[in-house]
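Engineer: This is the structure I have questions about; it appears just below.
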Amino acid sequence: TTLTTTIGGRTFENCMMNAAGVRCQSDEDLTTIINSNAGAYVTKSATPQQRAGNPSPRMKTLPKGCINSMGLPNNGLDYYLNFVIADQQQRPDATNFLSIAGTSLADNLSMLHQIQDSAYEGFVELNLSCPNVPGHPQTGYDFEQVDTTLNQIFDFYTKPLGVKLPPYFDLVHFDQIAEVLNKYPLTFVTTINSIGNALVIDPQTERVAIKPKGGFGGIGGASVKPTALANVRGLALRLNPSIAIVGVGGILSGEDVFEHILCGASMVQIGTQFGYEGVNLFDRLSKELDDIMALKGYHSIEDFRGKLKTFD
Ligand code: RRO
């Protein structure tokens with residue numbers, strides 16, 4: 001069997017990679033992923049200038065996942081753009097993902113102009129779903145603003161672009177976001193980001209778990225898997241087939257990867273569990289997925305991708 005996948009005409013030898021944010025902020029982090037069994041890496045979401053992020057404690061592990069309000073700590077776009085261009089020179093056949101997350105439309109446009117004018121030819125994952133910067137709403141929940149943003153971007157941007165979406169919880173919202181996204185030549189969408197603005201509290205100390213925003217933060221890990229699968233499936237049923245789906249959320253096992261692919265994902269990203277386990281995760285999940293596929297007689301992920309059965 002093979003775990004190979006393709007997105008936008010690019011081939012990846014493994015359909016698993018890290019999710020933006022976790023263990024991908026420094027060049028050491030990214031080099032560790034390059035030297036692993038992951039099919040690609042995505043960089044920590046960048047802003048035009050480096051940011052320290054929110055005060056600590058800003059992440060807490062939970063029995064079924066984690067809560068974070070990191071607040072976009074990152075080394076700035078120049079740092080990540082230099083890294084991905086140097087890597088592209090070293091490994092011209094590998095495609096990777098550069099994540100950007102401006103806190104304004106102007107910042108996103110200026111970063112994309114810089115990327116457009118650079119030597120970078122890989123994917124950009126435009127994060128429209130950071131829940132943790134005080135005073136800056138998630139663009140992904142404002143459909144008109146998503147339309148305005150993509151309209152202005154595709155006026156000049158010609159390289160492969162995808163968007164990272166927040167989770168949606170209403171089927172009408174799936175219809176509405178898909179209608180906007182289908183107007184543009186997107187290469188992929190990545191779904192889901194953390195479930196934003198949840199609250200975890202400790203009854204013993206009678207206090208919230210993390211410091212920023214009075215304790216409100218994004219949830220990732222096992223508890224978000226049903227929401228993630230719904231978003232992968234909901235978008236797979238609505239988006240133009242030319243837009244690939246990168247599935248994220250609640251992946252702890254090869255079976256979880258299998259479920260994301262059944263829902264229509266061409267690639268999957270792992271955040272919380274990658275944080276807990278490091279790059280050995282990719283070896284373990286690859287073997288687990290491989291075993292499931294062998295048992296079922298599947299040779300490639302295209303044999304079952306999107307082929308989820310329903311009762312009707
Ligand atoms: O840095 C963060 O607080 C953060 C970001 Br940008 C994001 O997109 N998702 C998340 O859970 N945390």
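Engineer: For region 236-246, state whether one or more residues are out of contact with any strand residue (DSSP E or B) (no Cβ under 8 Å at 6 or more places or on another chain), among the basic types (Lys, Arg) and over 27 Å from Val124 (Cα atoms). Can you show your working first?
Structural biologist: Filtering region 236-246 for residues out of contact with any strand residue (DSSP E or B) (no Cβ under 8 Å at 6 or more places or on another chain) gives 237-238, 240-242.
If we keep only those that are among the basic types (Lys, Arg) as well, we get 238.
Next, only the ones that are over 27 Å from Val124 (Cα atoms) stay: none.
Looking for residues that are out of contact with any strand residue (DSSP E or B) (no Cβ under 8 Å at 6 or more places or on another chain), among the basic types (Lys, Arg) and over 27 Å from Val124 (Cα atoms), one finds none in region 236-246, hence no.
Engineer: For residues that are more than 11 Å from the ligand (Cβ to nearest atom), of a type outside the set (A, V, I, L, M, F, W, C) and either under 18 Å from the mean Cα position of the chain (by Cα) or buried (at least 20 other Cβ atoms within 10 Å of the Cβ) (or both), tally how many sit in region 100-114. Let's see the steps before the verdict.
Structural biologist: Keep residues of region 100-114 that are more than 11 Å from the ligand (Cβ to nearest atom), which gives 104-114.
Filter again for of a type outside the set (A, V, I, L, M, F, W, C), leaving 104, 107-108, 110, 113-114.
Filter once more, so that each one left must be either under 18 Å from the mean Cα position of the chain (by Cα) or buried (at least 20 other Cβ atoms within 10 Å of the Cβ) (or both): 108.
Selection size over region 100-114: 1.
Engineer: Take the residues in region 193-211 that are in contact (Cβ under 8 Å) with a residue 60 or more places away in the chain and within 21 Å of Ser223 (Cβ to Cβ); name whichever of them is surrounded by the fewest Cβ atoms within 10 Å (Cβ to Cβ). Give the steps one after another, and end with the answer.
Structural biologist: As a first pass, look at region 193-211 and keep what is in contact (Cβ under 8 Å) with a residue 60 or more places away in the chain: 193-194, 196-198, 200, 209-211.
Adding the requirement that they be within 21 Å of Ser223 (Cβ to Cβ) leaves 193-194, 196-198, 200, 209-210.
On the way: Asn193: 30, Ser194: 30, Gly196: 20, Asn197: 14, Ala198: 17, Val200: 16, Ala209: 20, Ile210: 24.
Residue satisfying both the conditions and the ranking: Asn197.
Engineer: Quick check: anything in region 53-75 within 13 Å of the ligand (Cβ to nearest atom) and in contact with an Asp or Glu (Cβ under 6 Å, 6 or more places away or on another chain)?
Structural biologist: no
Engineer: Taking the conditions exactly as written (more than 13 Å from the ligand (Cβ to nearest atom), surrounded by fewer than 16 Cβ atoms within 10 Å (Cβ to Cβ) and β-branched (Val, Ile, Thr)), does Thr95 satisfy them or not? Give the steps one after another, and end with the answer.
Structural biologist: Working: more than 13 Å from the ligand (Cβ to nearest atom): yes; surrounded by fewer than 16 Cβ atoms within 10 Å (Cβ to Cβ): no; β-branched (Val, Ile, Thr): yes.
Considered against the rule, which asks whether it is more than 13 Å from the ligand (Cβ to nearest atom), surrounded by fewer than 16 Cβ atoms within 10 Å (Cβ to Cβ) and β-branched (Val, Ile, Thr), Thr95 comes out as no.
Engineer: Mind checking which strands (runs of 3 or more DSSP E) fall wholly inside region 115-226 and carry at least 1 residues that are within 13 Å of the ligand (Cβ to nearest atom) and of a type in the set (Gly, Ala, Ser)? Even if it seems obvious, please write down each step before you answer.
Structural biologist: Numbers: elements: 123-127, 161-165, 188-191, 195-199, 216-220.
Passing ranges, in order: 195-199, 216-220.
Engineer: In this structure, does Asn35 turn out to be more than 18 Å from the chain's Cα centre (by Cα), surrounded by fewer than 23 Cβ atoms within 10 Å (Cβ to Cβ) and away from the ligand (no atom under 13 Å from the Cβ)? Spell out the reasoning first.
Structural biologist: Numbers: more than 18 Å from the chain's Cα centre (by Cα): yes; surrounded by fewer than 23 Cβ atoms within 10 Å (Cβ to Cβ): yes; away from the ligand (no atom under 13 Å from the Cβ): yes.
It is true that Asn35 is more than 18 Å from the chain's Cα centre (by Cα), surrounded by fewer than 23 Cβ atoms within 10 Å (Cβ to Cβ) and away from the ligand (no atom under 13 Å from the Cβ).
Throughout, read-outs are computed from the coordinates displayed, never taken from laboratory work. Here the structure is a predicted model, which is why all the values come from computation and not from measurement. Note that we place each Cβ from the backbone using ideal geometry, even for glycine, and neighbour counts take in every protein chain shown.
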